[in-house]
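The values are calculated or read from the model by the stated rules, or taken from the named source; none is laboratory data. Everything numeric in this text was worked out from a predicted model, so none of it was measured. So basically every Cβ, Gly included, is an ideal-geometry build from the backbone, and we count neighbours across all protein chains shown.
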Amino acid sequence: MLYGNIKLLIPSAMAIQRYKVLHDYVRANECVLDEYSDVVLDLIEGELPTDLAGVLYRNGNGRFAHQGVWYDHLFDGDGMISRFAFDGKQVRYRNRYVRTSEFLEEEKAGRMLYRSFGTNLPGGIIRNAFRMRFKNAANTSVVWHGGHMMALWEGGLPHRIDPVTLETIDRYDYNGVLRNQFSWLDSRIMPELPFSAHPKIHPDTGVLHNFGTLAGTKQRLIMYEVNPDGKARIGQVIEMDDMTFSHDFVLTQSGHRILFLTPVAFDMPRALLGLTSPAASIKVDRAKPTLVLVIDPDGTIHRLSTDFCFVFHFVNAYQDTDGKLIVDGLMLDYFPESALMKAYLQGDVADDGAGARFTRYTIDPEAKQVTHAPLADYEGELPEIHPDLLGKVYRYAWGIGRPITHNRPLADQIVKIDVQTGQGTHTGNEHSLPSEPIVVPRPGSTVEDDAWLLYLLFDDRTQATDLVVADAASLATVARLRLPHNIPLGFHGMWLPDAG
Ligand SMILES: [Fe+2]
């Protein structure tokens with residue numbers, strides 16, 4: 001039964017066949033071809049909490065193919081927002097693709113027109129050389145700040161989204177702040193400034209902090225600040241030796257911002273000539289350490305280093321009573337190169353025991369020391385914490401993951417880590433794959449894990465996605481609702497208590 005009012009262009013049968021390989025991870029990521037409006041989800045287990053009211057939003061790849069051409073990279077799928085409105089009695093579901101200008105142009109043309117971060121256009125060098133305008137996938141996260149809901153993608157501008165209808169309002173440059181004005185040539189190379197998909201909102205000031213890494217006549221790291229009223233400014237521009245790749249950063253309540261810059265660099269000439277996608281051009285230098293960049297509240301920069309590592313996502317960070325900075329992240333001891341990401345997207349995932357490990361870094365900027373140790377015997381990704389504890393001392397982290405002794409190749413469990421004791425718990429089964437768990441504190445709660453977890457769970461037996469409400473303390477399922485289709489596992493979401 002179709003509820004949708006829009007039928008999207010369908011990948012060719014041959015292309016679908018290519019992905020009908022074996023792994024439930026691949027089936028979980030089947031393209032979504034319909035857009036649904038306010039579908040009441042069927043409750044298939046448990047009961048909905050009557051005091052759980054608000055809206056869960058999620059962003060992620062809706063489809064990995066366009067007109068029979070498959071994207072080569074996990075990060076290139078077209079962004080699709082899902083909306084789950086809870087009123088204590090039922091959940092209403094809606095989904096919409098983000099109508100970026102590239103999406104609309106490609107839908108109209110009926111073919112792929114733009115290169116992506118990890119995918120070149122079909123046709124080789126002739127079609128890719130000197131084409132430096134890339135598709136803004138708008139697929140990574142959603143944020144609410146300054147009166148706007150925005151879909152974010154780290155390589156370009158945010159897209160403003162109507163929080164009720166999910167219609168795309170516009171491509172948003174913060175009244176010109178995100179226009180490249182470094183020089184005439186820079187503005188030609190990259191007219192729009194990148195705005196990462198992992199902004200952090202300061203717990204006291206409400207200021208949104210973010211960063212972007214910009215290629216051009218110089219390699220620049222740009223630090224942004226957006227006031228609670230939505231007024232944005234470039235707070236700092238840091239010139240870098242290489243055009244590195246960074247996905248996330250941390251902000252402490254004390255006002256420190258910390259980035260880990262792995263010694264990887266885009267090979268810009270190769271990407272410019274169309275010989276490879278930007279992602280495939282990345283070169284890794286394992287002989288070098290990872291740069292730990294600490295920016296003090298007053299803007300002073302400390303350049304420290306740690307062993308070679310790559311961190312997609314940090315868990316949290318804070319300044320300890322002795323002045324040291326504690327940074328918890330999910331540490332890979334290798335860089336996930338584009339060939340690996342392509343294999344992963346196609347379900348070729350070997351159990352090589354090389355997941356991202358929950359790791360604590362202790363940083364002393366004055367002594368220029370960085371030490372690290374495992375936080376728990378768990379691997380994980382897509383970590384979340386209690387929403388009131390960003391930048392502060394905290395105890396619990398949740399995410400997808402697995403114990404390091406686990407014998408399945410994917411992060412197929414929901415995990416809870418006590419970062420103070422190192423103890424972890426997990427739940428899951430061999431038939432399902434979870435997405436990022438969002439933490440929603442119970443009304444009036446005073447205990448950190450007195451909360452619900454909201455996450456999507458692809459069930460390989462039904463080939464559909466379920467919405468799960470779980471108890472954040474025990475991880476036990478409280479309620480489970482069934483969607484009319486699968487949603488690819490996706491990336492990041494948020495909870496708005498007042499958007500129902
Ligand atoms: Fe992310």
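Whenever a residue of the stretch 136-162 is within 24 Å of PHE64 (Cβ to Cβ), its partners that are part of a strand (DSSP E or B) and of a type in the set (Lys, Arg), lying with C-beta atoms within less than 7 angstrom and at least six residues away or across chains, give the pairs MET150/ARG160; LEU157/ARG171; HIS159/ARG171.
Select, from ALA279, ALA232, the only residue that is crowded, with 20+ Cβ neighbours inside 10 Å, within 16 Å of the ligand (Cβ to nearest atom), over 30 Å from LYS324 (Cβ atoms) and in contact (Cβ under 8 Å) with a residue 40 or more places away in the chain. Outline the logic, then answer.
Details: ALA232 fails: within 16 Å of the ligand (Cβ to nearest atom).
Answer to the selection: ALA279.
Scanning the stretch 74-127 for residues being under 17 Å from the mean Cα position of the chain (by Cα) and under 26 Å from ALA280 (Cα atoms) gives a total of 11. Is it the case that the stretch 291-306 has a residue that's under 25 Å from the mean Cα position of the chain (by Cα) and within 30 Å of LEU121 (Cα to Cα)? No, that holds for no residue.
Quick check: anything in the stretch 138-160 among the charged types (D, E, K, R), crowded, with 20+ Cβ neighbours inside 10 Å and within 16 Å of the ligand (Cβ to nearest atom)?
Kept after step one, since they are among the charged types (D, E, K, R), are these residues of the stretch 138-160: 154, 160.
Among the residues that remain, those that are also crowded, with 20+ Cβ neighbours inside 10 Å are: 154.
Keeping just the survivors that are within 16 Å of the ligand (Cβ to nearest atom) gives 154.
Yes: one or more hits.
Residues in the stretch 174-198 that are part of a loop (DSSP other than H, G, I, E, B) and aromatic (Phe, Trp, Tyr) were compared, and the one that is nearest to the ligand (Cβ to nearest atom) is PHE195. Per the conditions (1) part of a loop (DSSP other than H, G, I, E, B); (2) buried (at least 21 other Cβ atoms within 10 Å of the Cβ), the sole criterion not satisfied by PRO484 is (2).
For (1) among the hydroxyl-bearing types (Ser, Thr, Tyr); (2) within 16 Å of the ligand (Cβ to nearest atom); (3) in contact with a Pro (Cβ under 9 Å, 6 or more places away or on another chain); (4) touching a residue at least 40 places away in the same chain (Cβ under 8 Å), each residue gets a yes or a no:
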{"position": "HIS247", "(1), (2), (3), (4)": "no, yes, no, yes"}
{"position": "VAL264", "(1), (2), (3), (4)": "no, no, no, yes"}
{"position": "LEU273", "(1), (2), (3), (4)": "no, no, no, yes"}
{"position": "ASP285", "(1), (2), (3), (4)": "no, no, yes, no"}
{"position": "PHE308", "(1), (2), (3), (4)": "no, no, yes, yes"}
{"position": "HIS313", "(1), (2), (3), (4)": "no, yes, yes, yes"}
{"position": "MET331", "(1), (2), (3), (4)": "no, yes, yes, yes"}
{"position": "GLU337", "(1), (2), (3), (4)": "no, no, no, yes"}
{"position": "ALA356", "(1), (2), (3), (4)": "no, yes, no, yes"}
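Here ARG131 passes the criteria (1) farther than 20 Å from HIS202 by Cβ; (2) at pLDDT 95 or above; (3) more than 16 Å from the ligand (Cβ to nearest atom) except the one numbered (2).
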